[in-house]
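Data block below; observations after.
The values are calculated or read from the model by the stated rules, or taken from the named source; none is laboratory data. For clarity, every value in this text was computed on a predicted model and none was experimentally measured. Backbone-built Cβ (ideal geometry, glycine too); neighbour counts: all protein chains shown.
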Amino acid sequence: MTAEQLKAFCLDQPGAEETFPFSAELSVFKVAGKVFALCALDEAPSRISLKCVPEVAVKFRIEFPAITAGYHLNKQHWNTVLIDGSVPDDLVREMIEDSYDLVRAKLPKAVRITLGDVALGK
């Protein structure tokens, strides 16, 4: 997966935006102002940090050496993925979607509705 593909996939999530609050080299992807991904797109290979359910985060770290505890983030809830080809692209995309969904689920109901949530009872 290329840096351009990572960026495009993050921005494909409903309401996603790319910001640069820390530096011009670190893309921070947000939904409704809340971070769901941080990515050093200019590095070779790229790295992306994603929110994750704690039990799943540990499982990924055991299974893939390229997945480590979130760099400068809550190590229980965030993983950093080195995009070196050792983690399947489909899994990286799934992890991005899961991170987005975890953040989106914590947004106020009115905001989720504007993002297209059909399950209004959430």
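For segment 59-82: of the residues being at pLDDT 95 or above and in a loop (DSSP other than H, G, I, E, B), which is surrounded by the most Cβ atoms within 10 Å (Cβ to Cβ)? Ranking the qualifying residues of segment 59-82, first place goes to ALA66.
Residues that are of a type in the set (A, V, I, L, M) and under 15 Å from GLU63 (Cα atoms) within segment 84-108 comprise VAL87, LEU91, VAL92, MET95, listed in sequence order.
Of all residue pairs spaced 6 or more apart or on separate chains, those with beta-carbon atoms under 7 Å, a first member in segment 86-108 that is more than 10 Å from CYS52 (Cα to Cα) and charged (D, E, K, R) and a second member that is at pLDDT below 95 and part of a helix (DSSP H, G or I) are ARG104/ARG112.
Each residue in segment 28-56 was checked for being of a type in the set (Gly, Ala, Ser), under 22 Å from SER86 (Cα atoms) and in contact (Cβ under 8 Å) with a residue 12 or more places away in the chain, and 4 of them qualify.
For segment 35-58, the set of residues classified as small (Gly, Ala, Ser) and either in a loop (DSSP other than H, G, I, E, B) or within 13 Å of GLU18 (Cα to Cα) (or both) consists of ALA37, ALA40, ALA44, SER46, listed by residue number.
Could you tell me which of the residues SER86, SER99 is crowded, with 16+ Cβ neighbours inside 10 Å, modelled with pLDDT of 95 or more and within 18 Å of LEU6 (Cα to Cα)? After ruling out the rest, the residue left standing is SER99.
Among residues of segment 6-18 that are at negative phi and in a helix (DSSP H, G or I), those with a beta-carbon under 8 Å from a residue that is surrounded by 19 or more Cβ atoms within 10 Å (Cβ to Cβ) and polar (S, T, N, Q) at least six positions away or on a different chain give the pairs LEU6/SER46; LYS7/SER27; CYS10/SER27.
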